Amino acid sequence: MDKPTIQQLLLAHLSRDLVLNVEELLETGAQRAFGKAKGMNDGHLPSVVGQLRHFHMNEGFAAALEGSGAFPTPIKGNSLVTGRAGIFQLGRFNLRQGPWYNARRSAKRRVMAQANAAIEPLVQGGLFDSQKPITTGSVFFVCIFSASLEHGEKPMSIEIAVPNQHMTDWLFHEPVSLFVQRYNDVAVQDDRAVPMLKTQQKTGSNPEGT
């Protein structure tokens, strides 16, 4: 049996509505944070914006998960909200434009990434690797912001990303705007599937078949 691709796993376990809701409400949370920070002193404005993004985008993420039946964890202090859809744990984080070096800073994200050990062979497997059943994994929604607050009202891009188990590399990542088009491709493939009915052949003149 052919191994599934990571894209196929994501499409099978994450609904299109979930992905679009997360994108919309993370962007809304970022805009609210930016608006609340207006008028603050320039000396600490980047810090204020960063903290407000955390809280408002956490609320947006929780609302998107709740609305899509993805079991968000409670909002509590600085804790990151996570959820679950199918086999996947869902998380999020923000980055400035550039290399994703800071992705590993969170101990919680590193623990979540360990679940992707069984997914790695889909991308990095050797010839003699045995494929373990894939029963869990972790995927993150990554909001990438401009390094300049002049363009910081909303993310430059929101990507859906699957790290390796050590969170040192990315097995898959793609802007949500491109990823959602994959659902249309799956629908077209399903529409082209034509069921073939087996015709019954008579083997004699007896209509009762005895």
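Read-outs throughout are calculated quantities, based only on the coordinates presented, and are distinct from any laboratory measurement. This is a predicted model, so every value here is computed, not measured. Cβ coordinates were reconstructed from backbone atoms using ideal geometry, including for glycine residues, and neighbour counts include every protein chain displayed.
Brief remarks follow.
- Calculated semi-axes √(5λ) of the Cα gyration tensor in Å (choose from (i) 43, 21, 15; (ii) 32, 18, 16; (iii) 28, 21, 14), label: (i)
- Paired Rg and Dmax values of the stretch 1-67, which use every Cα atom, in angstrom: 16.8, 60
- Nearest 10 degrees, 0 to 90: helix 16-37 Cα axis against the chain principal axis: 0
- Highest-fluctuation residue, Gln124, Gln31, Gln97 considered, GNM on the chain with Cα pairs under 10 Å: Gln124
- Rounded to the nearest 10 degrees, the angle from helix 45-67 to the longest Cα principal axis of the chain is 30 degrees.
- Amide H contacts of Arg92 (H built 1.01 Å from N, in plane; Pro and chain starts excluded): Phe141 sit under 5 Å, all sequence-distant by 5 or more or on other chains.
- Over the chain: helical MRE at 222 nm, DSSP H runs n ≥ 4 each giving -39500 (n - 2.57), nearest 500: -11500 deg cm²/dmol
- Pair Arg104, Ala118: separation of 7 Å Cα→Cβ label points (nm): 2.5
- When each of the peptides 79-85, 24-30, 60-66, 145-151 is scored by how many other beta carbons lie within 10 Å of its residues on average, the order from highest to lowest is 60-66, 24-30, 79-85, 145-151.
- Segment Lys132-Tyr183, extension gain: residue separation times 0.36 nm, minus the distance between their alpha carbons: 15.7 nm
- Amide N proximity, the stretch 145-167 versus His173 label position 7 Å along Cα-to-Cβ, cut-off under 14 Å: 145-146, 156-167
- Glu59 versus His151: modelled label distance in nm, points set 7 Å from Cα along the beta carbon direction: 2.8
- FRET E, pair Ser15, Met40, Förster distance 30 Å, beta-carbon r, rounded to 0.05: 0.20
- The count of lysine pairs in the chain whose Cα atoms are under 27 Å apart, excluding pairs fewer than 8 places apart on the same chain, comes to 9.
- By average C-beta atoms within 10 angstrom, highest first, the peptides 11-17, 137-143: 137-143, 11-17
- Peptides ranked, highest mean first, by Cβ atoms within 10 Å: ranges 112-119, 167-174, 41-48: 112-119, 167-174, 41-48
- Distance from the stretch 62-82 to the stretch 26-46 (C-alpha centre basis), Å: 22
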